[in-house]
Amino acid sequence: MIVRVSEASVRADRVEEFLQTLRDLVAGFPAAHDGLLGHEILVDRAEGTRVQYVSRWRDESALRGFAGEGWADSPVTFPGEDAYLTGPLHLRHFLVDDAPAAETP
């Protein structure tokens, strides 16, 4: 499984509008994108202008189907997204460690 985290720094006066636009956009993603296992929108408690879209993908092939060949470096954006942001999106990917945690005595 690959976890994709796209982090936005949103203009303070546009946070609610950005969140609603993002919610509307991603609501249909699970049905539209094979291999999308789940997703969330996260808002930083301490800094409410930091918003992350976190998605979990079955494998690289599924993620490539969503984000294209440049999936590792290029964020997926929506039209007009730049007007909400104070800078470019930050994109990171994580592999899920499925190994069981060692038990402590």
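The values are calculated or read from the model by the stated rules, or taken from the named source; none is laboratory data. Only a predicted model underlies this, so the values are computations on that prediction, with no experimental measurement involved. Here the Cβ positions follow ideal geometry from the backbone for every residue, glycine too, while neighbour counts run over all protein chains shown.
Assuming V3 fulfils every condition listed in (1) under 20 Å from H90 (Cβ atoms); (2) touching a residue at least 40 places away in the same chain (Cβ under 8 Å); (3) not in a strand (DSSP E or B) apart from one, which condition is it?
Exception for V3: condition (3).
Got a number for residues in segment 18-69 being aliphatic (A, V, I, L, M), in contact with a His (Cβ under 7 Å, 6 or more places away or on another chain) and under 11 Å from V3 (Cα atoms)?
1
From L63, L22, L36, which residue is buried (at least 16 other Cβ atoms within 10 Å of the Cβ), touching a residue at least 12 places away in the same chain (Cβ under 8 Å) and in contact with a Pro (Cβ under 9 Å, 6 or more places away or on another chain)?
One residue alone meets the criteria, L36.
Spot the failing condition for A99; the list is (1) of a type in the set (A, V, I, L, M); (2) without any contact (Cβ under 8 Å) to a residue 60 or more places away in the chain; (3) in contact with a strand residue (DSSP E or B) (Cβ under 9 Å, 6 or more places away or on another chain), and only one is missed.
(3)
Among the listed residues E47, E16, which satisfies the condition of being in a loop (DSSP other than H, G, I, E, B), at pLDDT 95 or above and exposed (fewer than 12 other Cβ atoms within 10 Å of the Cβ)?
E47
Out of A83, A62, A72, which single residue is assigned to a helix (DSSP H, G or I), more than 17 Å from A32 (Cβ to Cβ), at pLDDT 95 or above and not basic (K, R)?
A83
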